[in-house]
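Here is the structure we will look at, set down as structure tokens.
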Amino acid sequence: TSSKTTGSLDISDIAAEALPSIVSITTKSVQEVQSYYGMYGMYGYAPQQQEQEVEGSGSGIIVGKNDDELLIATNYHVVENADTLSVAFADGNAVEASVKGFDEERDLAVVSVALDDIDDDTMDAISVAKVGSSDDLKVGEQVVAIGNALGYGQSVTVGYVSALNREIKTSDGNTRVLLQTDAAINPGNSGGALVNASGEVIGINSSKLVGDSVEGVGYAIPISDVSDLIQNLMNQATKTKVAEKDQGAIGTKGMSVPAEYSKQLNMPEGVYVSEITKGGGAEAAGMTKGSVITAIDGTTVSSMDDLQEQLQYYAKGD
């Protein structure tokens, strides 16, 4: 039966409908690596710590626009630890972007681009994605994955909904309930769209299983499960990293309260404050030893790493 009689689009129509709302994301970060050149001792060349710029790639979905910004949903792991971000639109035009908000536990982030940085031709070439419902999906429905596979630019793969409500333990130790699909999802597809036969976004491509005995097992975050979270992240203030010399400190010492200890001790996940620095901001604000930091400015903090990540966005005196 032709697509016209069923009310759905064929694959080329789906791609044409969805591609204007999909972007490619490129990140750059400086990481420390070990080098064995330079320092020779009695046991051979000693490892030296060197800084190296690392580039990453991913995808994103245009989910909204306000008076000043275009808003793009993606995976948190796409933008994690990025020092700079750029977004390339459907017409190939690329602009700088900033992280607006993120939720590490659910692997989601919203990236913003200033409307003033987007020229009129690009605005005409792009669109806000049509969002469907993942609650109505059935196993066996055809889906299309769109994203920046391998960093080469946008590409389209086709498959089916293989399973619903798969509980998957990810490499970061979290358990997530995801859609399973056999549409090819490759590095760089993360943060891109899984769309249904009507061209509506029903999932955010997230990960795949890799192994000699594994083939055609990819996962996406069901869009209906995170629509409220995306809206909340869209409403947060856009964050810009502060130069290291200008970054502030809150005046505490502490330790992470991971999930297993949180349950045993009946204590919220976060950072347990073991010491308050005299004369620091925490003391002035009335924080006490034994407090647990659970969020900064509405962004969840579940570990010391989260706390340090957040403090990169705040200057002395903020």
_Can you tell me how many residues within region 124-140 are open to solvent by less than 60 Å² (accessible area, probe 1.4 Å) and either closer than 20 Å to S59 by Cβ or of a type in the set (D, E, K, R) (or both)?_
6
_Tell me whether region 155-166 contains one or more residues that are closer than 23 Å to D13 by Cα and touching a residue at least 60 places away in the same chain (Cβ under 8 Å)._
yes
*Among the strands (runs of 3 or more DSSP E) confined wholly to region 60-126, which include 1 or more residues that are touching a residue at least 60 places away in the same chain (Cβ under 8 Å) and over 20 Å from N189 (Cα atoms)?*
69-74, 94-103
*May I ask you to list the residues in region 259-274 that are touching a helix residue (DSSP H, G or I) at 6+ places or on another chain (Cβ under 9 Å) and either assigned to a loop (DSSP other than H, G, I, E, B) or surrounded by fewer than 17 Cβ atoms within 10 Å (Cβ to Cβ) (or both)?*
M267, P268, E269
*Given the conditions (1) open to solvent by 50 Å² or more (accessible area, probe 1.4 Å); (2) closer than 22 Å to E80 by Cβ; (3) not basic (K, R), which single one is not true for T277?*
(2)
_Could you list, ordered by first residue, the pairs with Cβ atoms under 6 Å in which the first is in region 279-298 and over 15 Å from S262 (Cβ atoms) and the second is of a type in the set (S, T, Y), at least 6 apart or interchain?_
A282/T252
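Yes/no per residue for (1) modelled with pLDDT of 95 or more; (2) out of contact with any His (no Cβ under 8 Å at 6 or more places or on another chain); (3) small (G, A, S):
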{"residue": "I72", "(1), (2), (3)": "yes, yes, no"}
{"residue": "E80", "(1), (2), (3)": "no, yes, no"}
{"residue": "T84", "(1), (2), (3)": "no, yes, no"}
{"residue": "G92", "(1), (2), (3)": "no, yes, yes"}
{"residue": "V95", "(1), (2), (3)": "yes, yes, no"}
{"residue": "G101", "(1), (2), (3)": "no, yes, yes"}
{"residue": "S112", "(1), (2), (3)": "yes, yes, yes"}
{"residue": "V128", "(1), (2), (3)": "yes, yes, no"}
_region 259-274: number of residues that are modelled with pLDDT of 85 or more and under 28 Å from D107 (Cβ atoms)_ = 8
*Of the residues D297, D318, which single one is on the phi > 0 side of the Ramachandran plot and open to solvent by 30 Å² or more (accessible area, probe 1.4 Å)?*
D297
*Which one is nearest to the chain's Cα centre (by Cα), of the residues in region 127-154 that are in a loop (DSSP other than H, G, I, E, B) and of a type in the set (S, T, N, Q)?*
N148
_Tell me yes or no: at least one residue of region 177-185 is within 30 Å of G92 (Cβ to Cβ) and either of a type in the set (V, I, T) or in contact (Cβ under 8 Å) with a residue 60 or more places away in the chain (or both)._
yes
*asked:* modelled with pLDDT of 90 or more and in contact with a Pro (Cβ under 9 Å, 6 or more places away or on another chain): which single residue out of T252, T294, T277, T288 fits that description?
replied: T294
*Determine whether D124 is modelled with pLDDT of 95 or more, more than 25 Å from I223 (Cβ to Cβ) and touching a strand residue (DSSP E or B) at 6+ places or on another chain (Cβ under 7 Å).*
no
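The values are calculated or read from the model by the stated rules, or taken from the named source; none is laboratory data. These figures come from a predicted structure and were not determined experimentally. Here Cβ is always computed from backbone atoms with ideal geometry, including for glycine, and neighbour counts include all displayed protein chains. When the accessible area is computed, the model is the full protein with side chains, heavy atoms only, and any ligands, DNA or RNA have been set aside. Shrake-Rupley method; radii C 1.70, N 1.55, O 1.52, S 1.80 Å.
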